[in-house]
Amino acid sequence: MALAPPHDRMPDPLAPCSVRVEPVTPALRAAVERLRVAPAQRAQVGDVPVHLAQAARDPCSEPMAILADGIVVGFYRLDFATRTVGGRDFGAACVALRPFLVDARWQGRGLGRRALRALLDDLAARHPQRRLLLLAVDCGNHAARALYRRAGFVDSGALLPGGRGGPQHLLLRALGGVGECPAWTISAAVS
Ligand SMILES: CC(C)(COP(=O)(O)OP(=O)(O)OC[C@H]1O[C@@H](n2cnc3c(N)ncnc32)[C@H](O)[C@@H]1OP(=O)(O)O)[C@@H](O)C(=O)NCCC(=O)NCCS
């Protein structure tokens, strides 16, 4: 039987694995395009091929792959435009995350939590000038909200209308070891 391409093979769910993130290169693209979430989750994150196509047209956007033991298991996009979330301007030191997903086959195994850690390390290494990470999450997406809270995000208190999955919370996380979110970021979010 022919083996699946290396970036598509399944990691052993019981074995410890190394989780890393890297920009979507041509070599990773096909495996990234095959990532799927459950039908009920599509309203929250959309389709990966659409995100890849949008990112290719947008110089402020960087598509990223999540890899477990070298296998593509997830995807996210970094967005460096200043008014990317909720139309608010957080300045040049911000970066937004949209979407963030782990393939349905690999959810619930700790990969999302570890990918967020790798994402933060990657931002510190490649984009150390960025001080604030933002994202919008559907109010009803309790799993993701819990995951982000544990990764150090705080709820700005601002509620954004109009996501495909309904109203969204705007979450913020300080970057670069500055500790808690500075007060100005919260007031920028809610103003
Ligand atoms: C949200 C998502 C990225 C989490 O990835 P994951 O690999 O399943 O998450 P993990 O296995 O690392 O779990 C992280 C935490 O969330 C909790 N969790 C995971 N799935 C959960 C669920 N369905 N309900 C409640 N909690 C859940 C886990 O218990 C874990 O908590 P712990 O750190 O205390 O153990 C993934 O479920 C996903 O891609 N969902 C669809 C897309 C989405 O909603 N993205 C967020 C949009 S902003």
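Just to be sure, is VAL72 surrounded by 22 or more Cβ atoms within 10 Å (Cβ to Cβ) and not in a strand (DSSP E or B)? It is false that VAL72 is surrounded by 22 or more Cβ atoms within 10 Å (Cβ to Cβ) and not in a strand (DSSP E or B).
Within the bounds of region 153-163, is there any residue that is at pLDDT 95 or above, within 11 Å of the ligand (Cβ to nearest atom), within 16 Å of the chain's Cα centre (by Cα) and not polar (S, T, N, Q)? Looking through region 153-163, at least one residue is at pLDDT 95 or above, within 11 Å of the ligand (Cβ to nearest atom), within 16 Å of the chain's Cα centre (by Cα) and not polar (S, T, N, Q). Look at (1) away from the ligand (no atom under 16 Å from the Cβ); (2) more than 12 Å from the chain's Cα centre (by Cα); (3) within 20 Å of GLY176 (Cα to Cα) and you find that GLU62 fails only one, number (2).
If I ask for residues that are among the hydroxyl-bearing types (Ser, Thr, Tyr) and either free of Cβ contacts under 8 Å to residues at least 12 places away in the same chain or assigned to a strand (DSSP E or B) (or both), which ones from region 75-92 would you list? Within region 75-92, just TYR76 meets the criteria. Cβ-Cβ contacts under 7 Å between residues 6 or more apart (or on different chains), taken from a first residue in region 33-49 that is under 11 Å from PHE75 (Cα atoms) to a second residue that is modelled with pLDDT under 95 and not in a helix (DSSP H, G or I), are listed as VAL45/PRO99. Evaluate the following for LEU175: is it in contact with a strand residue (DSSP E or B) (Cβ under 7 Å, 6 or more places away or on another chain) and within 15 Å of the ligand (Cβ to nearest atom)? No, not satisfied.
Flag: LEU170 does not match the condition of being modelled with pLDDT of 95 or more, surrounded by 12 or more Cβ atoms within 10 Å (Cβ to Cβ) and either within 16 Å of the ligand (Cβ to nearest atom) or more than 16 Å from the chain's Cα centre (by Cα) (or both). Taken together, the residues in region 38-50 that are within 17 Å of ASN141 (Cβ to Cβ) and either assigned to a helix (DSSP H, G or I) or more than 14 Å from the chain's Cα centre (by Cα) (or both) amount to 8. Taken together, the residues in region 81-92 that are within 16 Å of the chain's Cα centre (by Cα), hydrophobic (A, V, I, L, M, F, W, C) and crowded, with 17+ Cβ neighbours inside 10 Å amount to 1. Number of residues in region 1-26 that are surrounded by 11 or more Cβ atoms within 10 Å (Cβ to Cβ) and modelled with pLDDT of 95 or more equals 6. Of all the residues in region 103-150, those that are over 19 Å from GLY166 (Cα atoms), assigned to a helix (DSSP H, G or I) and in contact with a strand residue (DSSP E or B) (Cβ under 6 Å, 6 or more places away or on another chain) number 8.
Residues satisfying the criterion are present in region 93-102 (criterion: buried (at least 20 other Cβ atoms within 10 Å of the Cβ), away from the ligand (no atom under 16 Å from the Cβ) and part of a strand (DSSP E or B)).
From ALA65, ALA81, ALA55, ALA143, which residue is at pLDDT 95 or above and under 21 Å from GLN168 (Cβ atoms)? Going through ALA65, ALA81, ALA55, ALA143 in turn, just one is at pLDDT 95 or above and under 21 Å from GLN168 (Cβ atoms): ALA55.
So for region 173-187 (the condition being outside any loop (DSSP other than H, G, I, E, B), surrounded by 15 or more Cβ atoms within 10 Å (Cβ to Cβ) and modelled with pLDDT of 90 or more), does at least one residue qualify? Scanning region 173-187, I find at least one residue that is outside any loop (DSSP other than H, G, I, E, B), surrounded by 15 or more Cβ atoms within 10 Å (Cβ to Cβ) and modelled with pLDDT of 90 or more, so the answer is yes.
The values are calculated or read from the model by the stated rules, or taken from the named source; none is laboratory data. Just so it is clear, the structure is predicted and the values come from calculations on it, not from any experiment. Don't worry about glycine lacking a Cβ; one is built from the backbone with ideal geometry, like all the others, and counts go over all protein chains shown.
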